[in-house]
Amino acid sequence: MIMSHVFAAYAQSDNGAWQIVGQNINPANYYGITVANGMIGFVSSPEPMKVKDVVLNGAFDTYGRGRVSNILKVFNFANMNLDVDGQRLGPKDISNYRQTLDMQRAAMTTTFDYKDKVSVRQTMMALRHLPFSQLTMVEITAKKDCEIIPMSVIETPENLKEVKNFYSEIDRAHVTIRLLTSVAKSPSGRHTVAASNSFIFEEPHGQEPDVIHEDWDYNMHLAKFKKRLKAGATYRFSVVGSVSSTAHTADPHNEAERLTIFAALERTERLLMRHNAEWAKLWQSDIVIDGDPDAQRAVRSALYHLYSFVREGSGYSLSPMGLSGLGYNGHVFWDTELWMYPPILLLKPAIAKSMLEYRFERMQMAKQNAFSHGYAGVMFPWESDADGQEATPVWALTGPFQHHITGCVGWSFWKYYQVTKDKEWLRTRGYPMLKEVADFWASRVEREAPGKYHINNVIGANEWQENIDDNAFTNGMAKTSLQYAIQAAQELGITPNADWQVVSDNIPILKFPDGTTRENRTYDGVPIKQADVNLLAYPLTVVTDEAAVRKDLSYYEPRYSPEGPAMGWSVLATLHARLNEPDKAFDWFVKSYKPNEVPPFGVLAETAGGTNPYFATGAGGMLQAVLNGFGGLDINGSGITQLKTKLPKKWKSLTIKGVGPQKRTVQVQ
């Protein structure tokens, strides 16, 4: 396939079910959409040929907000400039500006016209098969005779220091590689970061345009070339770039250049072929909703973002904002295990395994955290950074007191075993984790008397109530993770610690006089931030009696604050769907995403009217409403089973493809 056909094939994917189009782009009210590959994320910009943010997974340093370790904003090595007849094009000079994300191939295409002179098409992707590399394809069509000067730019964000810029040409008999490279230190000097990029030209060796390097100042340098175009002619070229840091390799300068050289010599066609093949594998696990195009778009967008933000084999986990920016400092919370992990476990167990590895590799730090607080076992931080230490700012009490996260980690490990039945993994990963989690709870409870064990002085899932006793979700998760540790031991033929059962049996779930579950010992009906008690019915199975589930729902639903985060509404949707109330469930489902969509792509903010997209936690909750609610999927001792459920009136059918290790197809009519 010659290069023009590669570009044309990419331009002609017009399947609306797979596209998100930026409608009526207004730079003053613009929230970018992300292309990412689980390692690097690029957030779109309203400015032509620009990217707003570049985020590198796993690279953290202490700077900025909260005096804690934050994920690094790294070199913007995907920006471009374009001069036409000596004039730099900008937002004011362009028309017909359109941005479209092709979710099927994880590619962002921007098209526009510059005056009456040229039309530009630019397609960018974070290459799925090359975790540290990206590809940008550019196509410029002349409307009249003109001279174009495209420029590949590397810009340094303010947080990086000691910047050094390099340009080199590697000449071989068959090709010349032109490398634009920047190297810098992270804010404290802890890490070295490097980025490099190179043009890929279509012309035979020796006939490519001459490339000129310009070093403007320590913040920016560029490589550019000049080309005269006749009216009607189209010129095509690509830019490949790579980024690395000492969080990933000992020598990021050379590594970034080597990876860029590799990608440049793979050439555009091979890069696209392999990238597309990897995304085709991912989309073997998909959700198809017939009869509701808006829900289909929203659900597929949620899946696209989760797939984009994490990858198999990396040992990295998911932050609430994924790789869409620096939100929540890139830290890992309970959002991962309870909200984002379950859909991934159902559809991509191998990626789920990589997420669990993140926690397993940080067990030693969690043991130290437990020791420091006077407890046994592991105590996972509320906000975990690259090292797994507590990275919650000191002014937020969630750090020392939101202990349910340790139970969430144990819960997620057992769920993986239930899905995969991987006994070797259980022996080497699952049980070692669950044992430490159980030991934590056995040391955490206060043993007043038989039948009166308490977990006092915590913050529950409803974070608006601080330093409370016997929180429903915390106690429920403690009981559950203790039971899972017992089951894991028995599965391996190990005699479990007898104290675990004693502790589990004696942790109370408090009730009001009418039998409604009480959120904590002093809870008196005040508004709540998000789901707490209702989590005992799903995803936990502490409350299973249908009348009790309904009683808890009817009491707490009116107490959910409109200011609460998206995932609170999604758990209500899931529960009503499981109670075979599909239309009531549908109302909550829509509430879990629709009010949180922001322009121009409908990316999700954390709350209705919020401005901090992309909220991957909300995406995880909304997907659970579809998979575990309307779809009836349930993870239990038998693996993945399906409950009898009904669809909302609007939906004709729901098809879930690629479920579990067997990649089953599940349907609800």
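Rule-based calculations on the coordinates, nothing more; no lab input. What you see is a predicted model, and the numbers here were worked out from it, not measured in a lab. Here Cβ is always computed from backbone atoms with ideal geometry, including for glycine, and neighbour counts include all displayed protein chains.
Which of MET220, MET622 comes first, and how do the rest follow, when ranked by fewest Cβ neighbours within 10 Å?
Going from sparsest to densest Cβ surroundings: MET220, MET622.
Mind giving me the nanometre distance, one decimal, between the label points for LYS143 and ASN24, set 7 Å out from Cα along Cα→Cβ?
2.4
Give me the number: length gained by fully extending PHE262 to GLN368, i.e. 0.36 nm times residue separation minus the C-alpha to C-alpha distance, one decimal in nm.
The span from PHE262 to GLN368 would gain 34.0 nm if fully extended.
By the scheme Lys and Arg +1, Asp and Glu -1, what is the net charge of all other residues having a beta-carbon under 12 Å from that of ILE344?
+2
Starting with the fewest neighbours, write out THR474, THR641, THR62 ranked by other beta-carbon atoms found within 10 Å of each beta-carbon.
THR641, THR62, THR474
Work out which chymotrypsin sites (Phe, Trp or Tyr not before Pro) in the chain are exposed loop sites (DSSP not H, G, I, E or B, at most 15 other Cβ within 10 Å) and give the longest gap free of them.
1-217
Output wanted: per-residue J couplings in Hz (rounded whole) for region 546-552, from phi through Karplus 6.51 cos²θ - 1.76 cosθ + 1.60, θ = phi - 60°, x for Gly and Pro.
3J(HN,Hα) across region 546-552, in whole Hz: 4, 5, 5, 4, 5, 4, 5.
For the chain, what is the mean residue ellipticity at 222 nm derived from helices alone (per DSSP H run of n ≥ 4: -39500 (n - 2.57); sum divided by total residues; nearest 500 deg cm²/dmol)?
-9000 deg cm²/dmol
Under the Karplus relation 6.51 cos²θ - 1.76 cosθ + 1.60, θ = phi - 60°, what is the ordered set of whole-Hz ³J(HN,Hα) values for region 200-212, x standing for Gly and Pro?
10, 9, 7, 5, x, 4, x, 10, 5, x, 6, 9, 10
Round to the nearest 0.05 the FRET efficiency obtained for SER554 and THR62 when R0 = 51 Å and r is the Cβ-Cβ distance.
So the FRET efficiency works out to roughly 0.60.
Under 19 Å between C-alpha atoms is the cut-off here; go through region 276-427 and count lysine pairs that meet it, provided they're at least eight residues apart or on different chains.
Close lysine pairs under the 19 Å cut-off: 9.
Between LYS649 and GLN87, 0.36 nm times their residue separation minus their Cα-Cα distance comes to what?
196.7 nm is the gain from fully extending LYS649 to GLN87.
If the cut-off is 14 Å between C-alpha atoms, which aspartates and glutamates fall inside it for LYS652, apart from same-chain ones fewer than 8 positions away?
ASP290, ASP292, ASP294, ASP583
Restricting to lysine pairs 8 or more places apart or on different chains, what number in region 83-176 have Cα atoms under 14 Å apart?
For region 83-176, qualifying lysine pairs total 5.
Work out the FRET efficiency for VAL526 and VAL288 from their Cβ-Cβ distance, taking R0 = 41 Å, and round it to the nearest 0.05.
E between VAL526 and VAL288, to the nearest 0.05, is 0.50.
From the phi of every residue in region 255-268, what ³J(HN,Hα) in whole Hz does the Karplus formula 6.51 cos²θ - 1.76 cosθ + 1.60 yield, where θ is phi - 60° and glycine or proline is x?
Once θ is set to phi - 60°, the couplings for region 255-268 become 5, 4, 5, 4, 5, 5, 4, 4, 5, 4, 7, 5, 6, 4 Hz.
Taking amide H positions as placed in the peptide plane 1.01 Å from N, state which residues far from ILE528 in sequence (5 or more) or on other chains have amide H under 5 Å from it.
Amide H neighbours of ILE528, under 5 Å, 5+ apart: TYR560, SER561.
Under the rule of at least 5 residues apart or a separate chain, name every residue whose amide H is placed under 5 Å from the amide H of VAL118.
LYS143
Normalised by the residues of the chain, what does the relative contact order come to in percent, with Cα pairs under 8 Å and at least six apart?
12
How do MET321, MET477, MET273 rank when sorted from fewest to most other Cβ atoms within 10 Å of their own Cβ?
MET273, MET321, MET477
To check my understanding: the extent here is largest minus smallest coordinate of the Cα atoms along each principal axis. What are those three numbers for region 292-336, in Å, largest first?
That works out to 34, 24, 19 Å along the principal axes.
For the pair SER443/ALA17, report the inter-label distance in nm, with labels modelled 7 Å from Cα in the Cβ direction.
5.3
Which label belongs to the value computed from this structure, given these candidates for P(r) over Cα pairs in 20 Å bins from 0, in percent: (1) 19, 50, 26, 5, 0; (2) 16, 36, 26, 14, 6, 1; (3) 16, 42, 27, 13, 3, 0?
(1)
Using R₀ = 41 Å, calculate the FRET efficiency as 1/(1 + (r/R₀)^6) where r is the Cβ-Cβ separation of GLU312 and ASP116; round to 0.05.
0.25
Would you kindly state how much longer the chain becomes between GLU357 and LEU492 on full extension, computed as 0.36 nm times their sequence separation minus their alpha carbon distance, in nm to one decimal?
My answer for the length gained is 46.6 nm.
Assuming a ≥ b ≥ c are the square roots of the Cα gyration tensor eigenvalues, decide whether region 3-282 counts as rounded (a/c under 1.5), prolate (otherwise, with a/b larger than b/c) or oblate.
Rounded is the answer for region 3-282, as its axis ratio a/c remains below 1.5.
Which residues' amide hydrogens lie under 5 Å from the amide hydrogen of TYR31, considering only partners 5 or more residues apart or on another chain, with H built in the peptide plane?
Those qualifying (amide H under 5 Å, at least 5 residues apart or on another chain) are PHE601.
Compute the signed sum of charges (Lys and Arg +1, Asp and Glu -1) over the other residues within less than 15 Å, Cβ to Cβ, of SER443.
0
From the Cα gyration tensor of region 212-266, with a ≥ b ≥ c the square roots of its eigenvalues, which class applies: rounded if a/c is under 1.5, or else prolate if a/b is larger than b/c, or else oblate?
Judged from the Cα gyration tensor, region 212-266 comes out oblate (a/c at least 1.5, b/c at or above a/b).
If you line up the long axis of helix 582-591 against the longest principal axis of the chain, both from Cα atoms, how many degrees apart are they, to the nearest 10?
In the chain, helix 582-591 runs at an angle near 50 degrees to the longest axis.
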